[in-house]
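What follows is one structure encoded as structure tokens, with my remarks underneath.
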Amino acid sequence: MNIRLPKDEDINIANGEDIARIMRKILLRQNRLHPKKEYFWTIGLSAGNDIDYIELVSFGKISLDKIEPVDVLSFAVSKKCTKIVICHNKTKGNLQPSRSAQKLTYKILQGAKTLNILLLDHIIICENEEYFSFGDSKAFPKEGDF
């Protein structure tokens, strides 16, 4: 499902904080329809870091173990997007990445690499101002981390 960008937001992204702010607004909008659900999105970026699309990959009670790279990368391939960011929310507020989040990030990194798509970040948000960024934290998982 393609998600609209909030009207008051610029489409150009400078860093993880920009994505977290935009996605938090989308989360708050989604929570009015489906309170306290978990969401997983893919954000496609142009070469100039403008948002090309925001795609809702999954929502409800999400098991990150069940999301596959093809679910995340297929829209990027169809749109010929060479850069993506993935984002999901946590309803409980603990923003530290779980083992499942780390494994999924690694699987997507590997799939994206095969397709010449750059995974710029994986951002975890909640309703308040806090977020966790794999990119900003230099915490992208590597082979052998699991």
Residue list for region 1-20, filter: in a helix (DSSP H, G or I) and either touching a Pro at 6+ places or on another chain (Cβ under 7 Å) or in contact (Cβ under 8 Å) with a residue 40 or more places away in the chain (or both): GLY16, GLU17, ILE19, ALA20
Pairs, first within 20 Å of PRO97 (Cβ to Cβ) in region 46-73, second in a helix (DSSP H, G or I) and of a type outside the set (A, V, I, L, M), C-beta under 6 Å, six or more apart: VAL57/ASP71; LEU64/SER100; ASP65/SER100; PRO69/LYS107; PRO69/GLY111; LEU73/GLY111
Subset tally (residues that are within 19 Å of ALA112 (Cβ to Cβ) and open to solvent by 20 Å² or more (accessible area, probe 1.4 Å)) for region 20-47: 2
Region 23-45, residues that are in a helix (DSSP H, G or I) and in contact (Cβ under 8 Å) with a residue 24 or more places away in the chain: MET23, ARG24, ILE26, LEU27, LEU28, GLN30, ASN31
Any hit, region 98-117, residues being farther than 24 Å from ARG21 by Cα, among the charged types (D, E, K, R) and surrounded by 14 or more Cβ atoms within 10 Å (Cβ to Cβ): yes
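The values are calculated or read from the model by the stated rules, or taken from the named source; none is laboratory data. The structure presented is a predicted model; accordingly, all values stated were derived computationally and were not measured. Neighbour counts run over all protein chains shown; Cβ positions are idealised from the backbone, glycine included. In case anyone asks, the SASA skips ligands and DNA or RNA and just uses the protein heavy atoms, side chains included. Shrake-Rupley method; radii C 1.70, N 1.55, O 1.52, S 1.80 Å.
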